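The values are calculated or read from the model by the stated rules, or taken from the named source; none is laboratory data. Keep in mind that this is a model prediction, so the values were computed, not measured. Here the Cβ positions follow ideal geometry from the backbone for every residue, glycine too, while neighbour counts run over all protein chains shown.
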Amino acid sequence: MPYEGMIFRPPSEARSLIVQTTVGCSWNKCTFCAMYRGKRFRIKSYDEIFDDAISAKMIYEEPHRVFLADGDALAIDTASLLKILDMLYETFPNLERVSSYASPLSILEKSADDLIELREAGLKMVYLGVETGDDQLLRTVAKGVSAEEMLESGKKVVKSKIKLSTTILLGLGGQERSEIHARETAKILSEMDPDYIGALTLMVIPGTPMYNKVREGKMTLLTPKESILECKNMVKNLKVSNCVFRSNHASNYLPIGGTLPWDKEALIKTMEDVLKNDRKDLLRREDMRAL
């Protein structure tokens, strides 16, 4: 199946069929991100998407899950997205779930009824890059929304009963804003109450504004221990009702995970043990980290 440019997907979509509905990211201005820098955003036509789905049906094993690439399928107008969802479920009779990335701006542009319609049509999960709950940091990294707007977008998804998977970036504020970043991110996530939280660790990419900022000495990256401490402080202040927490991405120094609130104390104890006893044997080496 033909794709335009590099394709990205969440780790949990490893076994999903990737259907490219948009090319690039509708925002594409975040200072830390290089995923779609080489792409000019556009929405694929229905005919293109239909042809891709038919091609996939002829080549691949019948999928149970489909992930809509690229960076923001919710930028597609609701009527067109409903048509795409209907087509996918008709084309793949065993399909159980369709999911996609979603920018906070695209979520905010959808009405509550739009999101409910999309959920009823089979959009079962969206992945929202929250990154931080620190309002100043959101502006600094050019996320395009305030903390209040980010919270509104997340709560809107939760209210529609589409499952919400959020990602946050440990170390995004450097040493300079680590404490605030941890506290405010825990606060916004607690108020959102998502189904999933994925904590990644910042890796600065050459060519991005953040990379240049670090090189110029305007931001100090966290050490591995400082990153774990930030994660511990975040988890300690999280108050969610039933949320799968994962910090086991290839970018993370210490792979951990559990379900909150039940595993909260165990997660904190693990991180405290690593910090107190300098358990470097449990940490991922720098040369083994990846995006």
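In the stretch 245-267, what residues are small (Gly, Ala, Ser) and free of Cβ contacts under 8 Å to residues at least 40 places away in the same chain?
Those that are small (Gly, Ala, Ser) and free of Cβ contacts under 8 Å to residues at least 40 places away in the same chain: Gly257, Gly258, Ala266.
Surrounded by 18 or more Cβ atoms within 10 Å (Cβ to Cβ) and assigned to a helix (DSSP H, G or I): which single residue out of Ser106, Ser80, Ser99 fits that description? Working first, answer last.
Working: Ser80 fails: surrounded by 18 or more Cβ atoms within 10 Å (Cβ to Cβ); Ser99 fails: assigned to a helix (DSSP H, G or I).
It is Ser106.
Quick check on the stretch 134-190: of everything there that is assigned to a loop (DSSP other than H, G, I, E, B) and among the basic types (Lys, Arg), which residue is surrounded by the most Cβ atoms within 10 Å (Cβ to Cβ)?
Our first condition is that a residue be assigned to a loop (DSSP other than H, G, I, E, B); within the stretch 134-190, this holds for 134, 141-146, 161-162, 171-174.
So of that shortlist, the ones also among the basic types (Lys, Arg) come out as 143, 161.
On the way: Lys143: 26, Lys161: 12.
Applying the filter and picking the extreme gives Lys143.
Would you mind stating whether Ser165 is within 24 Å of Leu88 (Cβ to Cβ), in contact (Cβ under 8 Å) with a residue 60 or more places away in the chain and of a type in the set (S, T, N, Q)?
For Ser165, the condition - within 24 Å of Leu88 (Cβ to Cβ), in contact (Cβ under 8 Å) with a residue 60 or more places away in the chain and of a type in the set (S, T, N, Q) - is met.
Go through (1) farther than 22 Å from Asn242 by Cα; (2) among the aromatic types (Phe, Trp, Tyr); (3) out of contact with any His (no Cβ under 9 Å at 6 or more places or on another chain) and name the single condition Tyr101 misses.
Single failed check for Tyr101: (1).
Checking Thr270 against (1) under 25 Å from Ser12 (Cβ atoms); (2) assigned to a helix (DSSP H, G or I); (3) touching a residue at least 24 places away in the same chain (Cβ under 8 Å): exactly one of these is not met. Which one?
Only one criterion in (1) under 25 Å from Ser12 (Cβ atoms); (2) assigned to a helix (DSSP H, G or I); (3) touching a residue at least 24 places away in the same chain (Cβ under 8 Å) is unmet by Thr270, namely (3).
Could you tell me which numbered condition Cys30 fails, if it satisfies all but one of (1) surrounded by 15 or more Cβ atoms within 10 Å (Cβ to Cβ); (2) touching a Ser or Thr at 6+ places or on another chain (Cβ under 8 Å)?
Failing condition for Cys30: (2).
Might you let me know whether the stretch 124-138 holds any residue that is of a type in the set (Phe, Trp, Tyr) and more than 28 Å from Ser80 (Cα to Cα)?
No.
Hey, among the residues in the stretch 195-243 that are charged (D, E, K, R) and farther than 26 Å from Gly154 by Cβ, which one's surrounded by the fewest Cβ atoms within 10 Å (Cβ to Cβ)?
Selected residue: Glu216.
Regarding Asn242, is this residue touching a residue at least 40 places away in the same chain (Cβ under 8 Å) and within 21 Å of the chain's Cα centre (by Cα)?
yes
With the checklist (1) over 25 Å from Arg246 (Cα atoms); (2) touching a strand residue (DSSP E or B) at 6+ places or on another chain (Cβ under 7 Å) in hand, flag the one item Met87 doesn't pass.
Failed condition: (2).
Quick check on Leu222: is it under 18 Å from Val274 (Cβ atoms), without any contact (Cβ under 8 Å) to a residue 40 or more places away in the chain and in a loop (DSSP other than H, G, I, E, B)? Steps first, please.
On the way: under 18 Å from Val274 (Cβ atoms): yes; without any contact (Cβ under 8 Å) to a residue 40 or more places away in the chain: no; in a loop (DSSP other than H, G, I, E, B): yes.
It is false that Leu222 is under 18 Å from Val274 (Cβ atoms), without any contact (Cβ under 8 Å) to a residue 40 or more places away in the chain and in a loop (DSSP other than H, G, I, E, B).
Sort out which residues of the stretch 7-43 are touching an Asp or Glu at 6+ places or on another chain (Cβ under 9 Å), under 27 Å from Tyr211 (Cβ atoms) and among the aliphatic types (A, V, I, L, M), and write them in order of number.
Within the stretch 7-43, Ile7, Val23, Met35 meet the criteria.
Filter the stretch 273-291 down to the residues that are outside any helix (DSSP H, G or I) and touching a helix residue (DSSP H, G or I) at 6+ places or on another chain (Cβ under 9 Å), then identify the one that is surrounded by the fewest Cβ atoms within 10 Å (Cβ to Cβ).
Asp278
Give the residues of the stretch 248-266 that are in a helix (DSSP H, G or I) and within 18 Å of the chain's Cα centre (by Cα), sorted by residue number. Full working, then the answer.
So in the stretch 248-266, the residues in a helix (DSSP H, G or I) come out as 264-266.
The answer is none; no residue qualifies.
Of the numbered conditions (1) at pLDDT below 95; (2) assigned to a helix (DSSP H, G or I), Glu61 satisfies every one except a single condition; which is it?
The number of the failed condition is (2).
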